[in-house]
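A short write-up of the structure that comes next.
The values are calculated or read from the model by the stated rules, or taken from the named source; none is laboratory data. These numbers were taken from a predicted model, which means no experiment stands behind them. Reconstructed Cβ throughout: ideal geometry from the backbone, glycine too, with neighbour counts over all protein chains shown.
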């Protein structure tokens, strides 16, 4: 039987929300309340619907994380759109495997770390806002690249990429931060994409078109090192 663990303590609320969404929810609620107090029924109803949609977008459900040795979990909810081996990659600096996950506005947008380790580098790059499912989005869109070093020295890179609608990348970690597999590290607001670069010997377990969930879906398994 598979074993699961909590990467972080479970929330104490029935409908946990991501902190970056609270200003949006507060603003929408305030406007809705003003319309209601003024007796503007239809604007108030539209405001209520918009508030509920924003709450749904910023939902942040707790996730149990697979505890299998060497398992790499998905950093995002969405659909796998790229699964390929690269001979050279600027982000990784050599041969690697690239997996891209595209998120629509209907997906949970909280990002989780793929494996236990220490953040060795965080590089933010301003850029354009092409649709995140296009190949050129990896390089030309606004993005934030995190390099993670596992306990066995394995190196992984996770890149948060803003999309056509997304205009804000949130990252709550810095170089030196130590994280555990499945722990939250940030989010991208309103539709986006995550690229993951893994060691070339990783045994990948997902295919293009697969739906994955952050923290719970296993992308693959690291090759175990021997002492």
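Here are a few things to note about the model shown:
- The set of residues from region 41-71 being farther than 17 Å from residue 17 by Cβ and assigned to a helix (DSSP H, G or I) comprises 41, 42, 43, 44, 45, 46, 47, 49.
- Any hit, region 1-17, residues being more than 27 Å from residue 149 (Cβ to Cβ), surrounded by fewer than 12 Cβ atoms within 10 Å (Cβ to Cβ) and either in contact (Cβ under 8 Å) with a residue 24 or more places away in the chain or within 19 Å of the chain's Cα centre (by Cα) (or both): yes
- Meets criteria (in contact with a strand residue (DSSP E or B) (Cβ under 8 Å, 6 or more places away or on another chain), at pLDDT below 90 and over 13 Å from residue 122 (Cα atoms)) for residue 193: yes
- Among residues of region 49-76 being farther than 20 Å from residue 9 by Cα and in contact with a strand residue (DSSP E or B) (Cβ under 7 Å, 6 or more places away or on another chain), the one that is surrounded by the most Cβ atoms within 10 Å (Cβ to Cβ) is 72.
- All positions within region 135-151 that are part of a loop (DSSP other than H, G, I, E, B), surrounded by 14 or more Cβ atoms within 10 Å (Cβ to Cβ) and at pLDDT below 90: 142
- Some residue of region 83-95 being crowded, with 17+ Cβ neighbours inside 10 Å and within 22 Å of residue 190 (Cα to Cα): no
- Of all the residues in region 23-57, those that are under 19 Å from the mean Cα position of the chain (by Cα) and without any contact (Cβ under 8 Å) to a residue 60 or more places away in the chain number 3.
- When the test is whether a residue is modelled with pLDDT of 80 or more and buried (at least 17 other Cβ atoms within 10 Å of the Cβ), residue 164 does not pass it.
- All positions within region 7-36 that are closer than 30 Å to residue 70 by Cβ and at pLDDT 90 or above: 16, 18
- Pick from region 180-204, criterion in a strand (DSSP E or B) and more than 12 Å from residue 146 (Cα to Cα), ranking: farthest from the chain's Cα centre (by Cα): 203
- Residue count for region 169-179, restricted to those that are over 21 Å from residue 65 (Cα atoms), in a strand (DSSP E or B) and without any contact (Cβ under 8 Å) to a residue 60 or more places away in the chain: 1
- Selection of region 89-112 for residues being in contact with a strand residue (DSSP E or B) (Cβ under 8 Å, 6 or more places away or on another chain) and assigned to a loop (DSSP other than H, G, I, E, B) yields 89, 91, 92, 95, 104, 107, 108, 109.
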